[in-house]
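Participant: Below is a structure I'd like to ask you about.
The values are calculated or read from the model by the stated rules, or taken from the named source; none is laboratory data. The shown structure was predicted, so the numbers you read here are calculated from the model rather than taken from an experiment. Because the Cβ atoms are built from the backbone with ideal geometry, glycine has one as well, and the counts that use them run over all protein chains shown. For the accessible areas, the whole protein counts, side chains as well, though only heavy atoms, and no ligand, DNA or RNA atoms are used. Shrake-Rupley method; radii C 1.70, N 1.55, O 1.52, S 1.80 Å.
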Amino acid sequence: MSKEFNAKRRPRGTKPRGGGAPGKPSHPDPPKISAMNSVNTTKKTSIKSPNQNSKKPASKTSNKNLRNANGSEGAAQSQTQTQDKAQGQVKDQGQGQEVKVENKTYNVHTDRIEQHRHFGVYLSRNRFDAIQLLTRNTSSSSDDYGEQRISLDFRGKRCEFRAWSPFQSKLAAGIMGGACDLHLRSGSKVLYLGAGFGRSVSHISDIVGESGMVYAVEQGPWAGRQLTTLANSRSNIVPVIEDATMPYKYRLEVPACIDIIFSDLPQADQIRSLMLNARHFLVPGGHFVLYLHAANGSGGVSNKEAFEADKELLRQHKLEPIELVRLEPFKPGYALVVGVSTRKDVSI
């Protein structure tokens, strides 16, 4: 047994001292890392690191986007809620009105519309405009002069009102200036000398109603076309394209039963034309409204003595002035005179 075991046993390799064949070392060196292993390790690290780095900021930005989206949705919901509350408050405070400007309709909150002391004239008081003059529209046309229109329920009826600007109408300026009485009633017969393009005539047409009549005298051809167009939509307006200083030319068109005459002519022809037309058409005890302009060297409108000569001339022609209203600041230099005819015999 010992011989076989010794025969099979191999001698331990030792390093020869002199240059023999090298044997196996007793303590081998650690194995070297191959190039493939180093490449693989670098690939794994290069692939994993950017993925891990890219995932973290993406999650942060997505969370921020979600928060921003939720915040914008919340802000939108809050805005809609505030708008609904504001609309609810507007509905609770008063009536809503529809305003039509240049064929466009807008919903505007109004506080109230009330009757003016003058017949057929109304006042609008709201939070945007302190006071605004209105007349109730009686025209079939959708638009006359592009003025503001208000449509709402008034005294249980659906009504449409037209804005009447004192800067564009001397008659409206006289109402704003404090005129006591214009003597306009439903069914009145009105003669308007110097009607122009008919802005004031259209509002007088609203005041006198369908039972009244307005005879608009104007010589200018362009104004005559506008008056004719206005008369097509308003049955109570009769355009008279003649010279107002010659009433005998249109004496067959205008009846001799006029209740009130409005005169808006050049200053040189103002009183004479009013006197001639009053003799032809004004009834006994009828009224007149005259627009006077102060002379340049008379000291302005503030000096009431500038109109004393005109008032004295009116008295000589049996036209008694009742009140004088200055149209400042709407029409600087002008004054509105309201009077009555004292002539008993209307024959020429």
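Participant: First check a/c for region 119-159, with a ≥ b ≥ c the square roots of the eigenvalues of its C-alpha gyration tensor; if it is under 1.5, answer rounded, and if not, answer prolate when a/b is larger than b/c or oblate otherwise.
Facilitator: oblate
Participant: Per residue, how much accessible area does region 225-275 show when a 1.4 Å probe rolls over the protein heavy atoms, in square angstrom?
Facilitator: Numbers: 2450 Å² over 51 residues.
Result: 48 Å² of accessible area for each residue.
Participant: Given H placed on each backbone N at 1.01 Å, which residues far from Ile237 in sequence or on other chains put an amide H within less than 5 Å of it?
Facilitator: Val214
Participant: Also: Would you please put 147-160, 229-242, 281-294 in order of how densely packed they are, using the mean number of other Cβ atoms within 10 angstrom per residue and starting with the highest?
Facilitator: Highest to lowest by the protection proxy: 281-294, 229-242, 147-160.
Participant: Around Tyr215, under 15 Å between beta carbons, what's the net of Lys plus Arg minus Asp minus Glu among the other residues?
Facilitator: Net of charged neighbours comes to -2.
Participant: For every other residue with a beta carbon closer than 15 angstrom to the beta carbon of Pro239, add +1 if it is Lys or Arg and -1 if Asp or Glu, then tell me the sum.
Facilitator: -1
Participant: Separation of region 236-275 and region 193-221 by C-alpha centroid, Å?
Facilitator: Computed from Cα coordinates, the inter-centre distance equals 12 Å.
Participant: Order these peptides, 267-279, 320-332, by their mean beta-carbon neighbour count within 10 angstrom, highest first.
Facilitator: Put in order of decreasing packing, that is 267-279, 320-332.
Participant: Let me ask another. How would you rank 246-256, 166-176, highest first, on the average number of other Cβ atoms within 10 Å across their residues?
Facilitator: Averaged packing, sorted descending, gives the order 166-176, 246-256.
Participant: Residues in region 253-267 near a label at Arg185, defined as backbone nitrogen under 12 Å from the 7 Å Cα→Cβ point?
Facilitator: Flagged as within label range: 259-260.
Participant: What is the Rg over Rh value, at two decimals, for region 157-235, using alpha-carbon atoms and the Kirkwood definition of Rh?
Facilitator: 0.96
Participant: So, one more: Return the subset of Lys189/Lys249; Lys189/Lys331; Lys311/Lys331 for which the Cα-Cα distance in this structure is over 23 Å, preserving the input order.
Facilitator: Lys189/Lys331
Participant: Taking only the C-alpha atoms, wrap a convex hull around region 116-264 and report its volume per residue in Å³ as a whole number.
Facilitator: Hull volume over Cα atoms, normalised by residue count, gives 117 Å³.
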